[in-house]
């Protein structure tokens, strides 16, 4: 099994070692995340930024566990059965197509 060395080094920094260095790493990470999210909200409207974050979290949950994929499928069938994306790739993909593809893979 392949190990992620950057993740292992980040865990080592945050768990072991000097407390001041750990605090500085956590503050730097929080500032970086805040900068990215703040830029995202400034470029888009706050409603679109919130919808994007919710969609990202839902997509990650769906890829992590199939139960969340089935929950998303049922919610999508009940709430937006005919919702489509605003572009064509030979056909107009619907939200249902996206959930089924994420659930299948």
Selection status of residue 43, in contact with a helix residue (DSSP H, G or I) (Cβ under 9 Å, 6 or more places away or on another chain), exposed (fewer than 10 other Cβ atoms within 10 Å of the Cβ) and at pLDDT 85 or above:
yes
Please indicate, with yes or no, whether at least one residue in the stretch 68-79 is in the same structural domain as residue 105 (by TED's automatic domain parsing) and surrounded by fewer than 10 Cβ atoms within 10 Å (Cβ to Cβ).
yes
Would you check which residues across the stretch 85-97 are surrounded by 12 or more Cβ atoms within 10 Å (Cβ to Cβ) and modelled with pLDDT of 80 or more and list them?
93, 94, 95, 96, 97
So the helices (runs of 4 or more DSSP H) completely within the stretch 11-105 holding 2 or more residues that are touching a residue at least 40 places away in the same chain (Cβ under 8 Å) are 46-64, 95-104
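The values are calculated or read from the model by the stated rules, or taken from the named source; none is laboratory data. Just so we're clear, the structure is a prediction, and the values are computed from it rather than from any experiment. Note that each Cβ is placed from the backbone with ideal geometry, even for glycine, and that neighbours are counted across all protein chains shown.
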